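Comments concern the structure below.
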Amino acid sequence: MDVDYQWTPPVYDLSNPPHQCTPLGGPFSDADFPRSAKWCSDGSALLVHCEQRAFRVIHTPDTSFPTPAAAAQTTLAQPAPIVDYAWYPHASASTPASFCFAASVREAPVKLLDASDGRLRASYPIVDHRERQIAPHSLAFDPSGTRLYCGFEDAIEIFDVSRPGCEGTRVRMSASRKSKDGLKGIISALAFQPPSSSTSSSLLAVGSLSAPSPSTGSNIALFDLDASEPVLFLAGGPRAGVTQLLFNPTHPHILYASFRRQAGVYAWDIRADASAPFARYLPSDPSIGKKETNQRRRFDVDWAGSVLACGDVVRASVFSLLFALLSFCLFVSSARAGFEPFPRTIGSFLRILAECTAITDEARSTPATQIPEKDKTIPPFNRRE
């Protein structure tokens, strides 16, 4: 591989709605429909969470297999309902050592599963004061892949991936149950800030499923990985629980969040005033915002950080993030002029008719052959051998 090679993000023609070129996986029955899906780092496999307590690992057509028809997808049944899951960093079907993911299954330790055959590589127990197993509601690996962060009620458990079976380090989100400071309730979303040359350390965004705290007016906090106390609270969002957090891949100072029973995606610039978001991405169809649903809407941003896609009940909406710069300028101008800052609403420029339960973007993945060897990570242990 040429060490001077530089990967460039793909360019999309979004002037017309896309058409389906290759169906992946299936068939899915009405009783075993997909609940969510996530690409691995190089796009060689898609991990699908199905309704009937199972994962499906679906390989993309350009991945070579001895028997493509038989090995195109693998079903990994679980003994209990699945709560959350996360790919290992730089997981690739072409690298068996790193081809794994973490899964949270009810009333069981957190599992590190081999994505090729579902075998258990390691487990990480979270036990409460009654010695019961806790299934975390959110999972996230740190950028280096050496630590696994698990969010549950009022706390985050941090595990060293190289030490399976050992107790983790518990970080409380508030001093006590009666305390009004910090984050309260179930930690429902975790997101790491992408590594950047402009930042010396990465931040962890934490979201709670409870309403914003009266003291801080926020249910989203940013943590420094070297400290247990939050360094910043993001306020101004709706009074609803956080369902997903995501940093912009190329602009790591921008954080996106979606909320329960809310149609829009809100954006904050953590370099500026954190008391209010500077933009809200809302589908152009006005009827979408009026429909209340308990469906957990998912969104994703492409690798170039220029396009955001969000699913809802009947369609997927695509937004241009280039308008975010103008929105941020208006946000700063209004604040300097003495007016109360408010998020600028940005409508979608493309809608794809489909029944969406999840949005995941293959553009965020980099082909395995284009990832420098020094940036590839593998688990510190490999039980396949």
Matching residues in segment 106-123 - criterion: being more than 20 Å from A45 (Cα to Cα) and free of Cβ contacts under 8 Å to residues at least 40 places away in the same chain:
R106, E107, A108, P109
So, A108, is that one touching a strand residue (DSSP E or B) at 6+ places or on another chain (Cβ under 8 Å), within 20 Å of Y149 (Cβ to Cβ), hydrophobic (A, V, I, L, M, F, W, C) and part of a strand (DSSP E or B) or not?
no
Touching a residue at least 60 places away in the same chain (Cβ under 8 Å) and either over 21 Å from A205 (Cβ atoms) or out of contact with any Ser or Thr (no Cβ under 8 Å at 6 or more places or on another chain) (or both): which single residue out of S162, S144 fits that description?
S162
Within segment 100-123, identify whether any single residue is of a type outside the set (V, I, T), in contact with a Gly (Cβ under 7 Å, 6 or more places away or on another chain) and farther than 22 Å from A205 by Cα, and answer yes or no.
yes
Given (1) more than 18 Å from the chain's Cα centre (by Cα); (2) modelled with pLDDT under 95; (3) more than 23 Å from W268 (Cβ to Cβ), number of the condition S196 does not satisfy:
(3)
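Would you point out which residue out of A189, A267 is in contact with a helix residue (DSSP H, G or I) (Cβ under 7 Å, 6 or more places away or on another chain), of a type in the set (G, A, S), under 27 Å from G145 (Cα atoms) and buried (at least 22 other Cβ atoms within 10 Å of the Cβ)?
Numbers: A189 fails: in contact with a helix residue (DSSP H, G or I) (Cβ under 7 Å, 6 or more places away or on another chain).
The match here is A267.
Scan segment 152-174 residue by residue and report those that are in a strand (DSSP E or B) and among the acidic types (D, E).
Within segment 152-174, E153, E157, D160 qualify.
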If S208 satisfies all but one of (1) in contact (Cβ under 8 Å) with a residue 40 or more places away in the chain; (2) touching a Leu at 6+ places or on another chain (Cβ under 8 Å), what's the number of the condition it fails?
(1)
Residue that is surrounded by the fewest Cβ atoms within 10 Å (Cβ to Cβ), among those in segment 234-257 that are outside any loop (DSSP other than H, G, I, E, B) and more than 11 Å from the chain's Cα centre (by Cα):
I254
Residues (small (G, A, S) and either closer than 20 Å to A140 by Cα or in a loop (DSSP other than H, G, I, E, B) (or both)) located in segment 258-285:
S258, A263, G264, A272, A274, S275, A276, S284
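Residues that are closer than 30 Å to A72 by Cβ and assigned to a strand (DSSP E or B): does segment 175-190 have at least one? First the steps, then the outcome.
Taking segment 175-190 as the starting set, the residues that turn out to be closer than 30 Å to A72 by Cβ are none.
No, the conditions are met nowhere in segment 175-190.
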Which one of I134, I126 is closer than 16 Å to G168 by Cβ, out of contact with any helix residue (DSSP H, G or I) (no Cβ under 9 Å at 6 or more places or on another chain), without any contact (Cβ under 8 Å) to a residue 24 or more places away in the chain and surrounded by fewer than 23 Cβ atoms within 10 Å (Cβ to Cβ)?
I134
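The values are calculated or read from the model by the stated rules, or taken from the named source; none is laboratory data. What you see is a predicted model; the values in this text were computed from it and never measured. Heads up, the Cβs are rebuilt from the backbone with ideal geometry, glycines too, and the neighbour counts pull from every protein chain shown.
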